Amino acid sequence: MAGPPPARMRAPGRLRAPLAARGRALHAGAWWLWALGLATAASRTTNPLLLGLLIGVAGYVVAARRTDAPWARSYGAFVKLGLVVLAIRLVFAFLLGSPVPGTHTLVTLPEVPLPDWARGVRIGGRVTAEGMVFALYDGLKLATLLICVGAANALASPARLLKSLPGALYEAGVAVVVAMTFAPNLVADVQRLRAARRLRGRPDRGLKALLQVGLPVLEGALERSVALAAAMDARGYGRTAQVPRAVRHTTTVLTLGGLLGVCAGTYGLLAAQGAGYGLPVLAAGLAAALAGLWLGGRRSVRSRYRPDRWGPRAWLVAGSGIAVAALMIWAGDYAPAALHPPAVPLTAPDLPLWPALSVLLGLVPAVVAPVPASAPAPPARRRTEGPERRTRYAGENAPHTKDAQHTKETTT
């Protein structure tokens, strides 16, 4: 009797992340916390090496844990949008100048004279290398923020995120989720129509092709909106329970005040000054917002079917993004020059060791997050047998053929 398989054959199965089945799917909020942590880290630095490392981390996790859903295909659109934002920032710096003075002149453009009331604004003039480098750092930071948001949009299911929202935010959450799913579905429609045009031998690039694709895309968006409205109306969307007026007013005050406190505290944490009051204001705003959401949930009459669980893997994914943001904020205190390389004088940026290692913590989801289930393999095609192979099989299956051949040769 065969014994148990050796340990070296069983070990990889224990360390491998499970498949993302319905019961083991990662919570959508964990992906958003992870992505917001990377975005917070990107907002604390202008070092192009660290920003490029953040883009690489987000792209690797998306490539490793992205599914085949329509919203997962929108990551490329966010990357292209980031490149467009970076290009626009550089073009503006080239044509309109930069507030950073410089001594290395690249080119001198013809300057357009402006009236006295437009003092401080110029069109054309001297373009310096320092100004372009400053614009590159600034535009790359904004592009990294967009790419991090695109990573969350590609990894987290909008429907599962809506199901996890509190009852008080259900109506607002529906509007946000519908707006979030509009862009991925729009990108999928454009790709489908362009592929159809290529199959028909028609051009899929250029202004004319864009205009011809735009009308079917708009028609599909309108049909999807009508179908969504009908589905929401059939499911009784908008029904609320009766609660006392005092409870409604208290809920409104706590929720709005808490959200304002969260915004003020977050701004204090992200800004260069104000970190001392940012954390207490953020904590007080969170407490007030949670209390308001708990009271507001009494008005919701909907029920949840199989809610997503926040398991250990969700804690690890969300914690990795929060750790990256916290370590980058802490690095701004002991290494501000490394996080913000100066454009004047013009020097090459250095890669700080500890902030770079803290950014690599964002790769934790690529290991611990559930692996998306791959599509089933197509059935194997039956191999066509050649004449020689059919002859050999016929001889093996019919031995009397060989005897008949031998008898024929002997007679001859």
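Run the numbers for Leu96 and Ala287: contour at 0.36 nm per residue of separation, minus the present Cα-Cα distance, in nm. Provide the component values of the computation, followed by the final result.
Details: separation 191, 0.36 × 191 = 68.76 nm, distance 4.58 nm.
Full extension from Leu96 to Ala287 adds 64.2 nm.
Count the net charge of all other residues whose Cβ sits under 15 Å from the Cβ of Leu109, scoring Lys and Arg as +1 and Asp and Glu as -1. The partial results should precede the final answer.
Values: positive: Arg122, Arg126; negative: Glu111.
Result for the neighbourhood of Leu109: +1.
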Leu222-Leu106 FRET efficiency (beta carbon distance; Förster radius 45 Å; 0.05 resolution): 0.40
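Heavy atoms only, probe 1.4 angstrom, no DNA, RNA or ligands counted: give me Phe78, Phe134, Phe92 ranked by accessible area, highest first. The partial results should precede the final answer.
Values: Phe78 40, Phe134 75, Phe92 115 Å².
Solvent-accessible surface, decreasing: Phe92, Phe134, Phe78.
Using a 1.4 angstrom probe on the protein heavy atoms only, line up Tyr334, Tyr60, Tyr75, Tyr267 by accessible area, largest first. Walk me through the numbers on the way to the answer.
Numbers: Tyr334 110, Tyr60 135, Tyr75 25, Tyr267 155 Å².
My answer, sorted largest first, is Tyr267, Tyr60, Tyr334, Tyr75.
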What figure, in Å² to the nearest 10, do you get for the accessible area of Asp350 with a 1.4 Å probe and non-protein molecules left out? 120 Å²
Can you check what the net charge comes to around Gly97, using other residues whose Cβ is under 10 Å from the Cβ of Gly97 (Lys, Arg +1; Asp, Glu -1)? +1
Using protein chains only and a probe of 1.4 angstrom, how many square angstrom of Asp333 are accessible, to the nearest 10? 120 Å²
Checking segment 36-114 for trypsin sites (Lys or Arg not before Pro) in a loop per DSSP with at most 16 other beta-carbon atoms within 10 Å yields Arg66
Between Ala229 and Val253, what is the label-point separation in nm under the 7 Å Cα-to-beta-carbon projection? 3.8 nm
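The values are calculated or read from the model by the stated rules, or taken from the named source; none is laboratory data. None of these values were measured; they are calculated from a predicted model. Note that we place each Cβ from the backbone using ideal geometry, even for glycine, and neighbour counts take in every protein chain shown. Heads up: the accessible areas ignore ligands, DNA and RNA and are worked out on the full protein's heavy atoms, side chains in. Shrake-Rupley method; radii C 1.70, N 1.55, O 1.52, S 1.80 Å.
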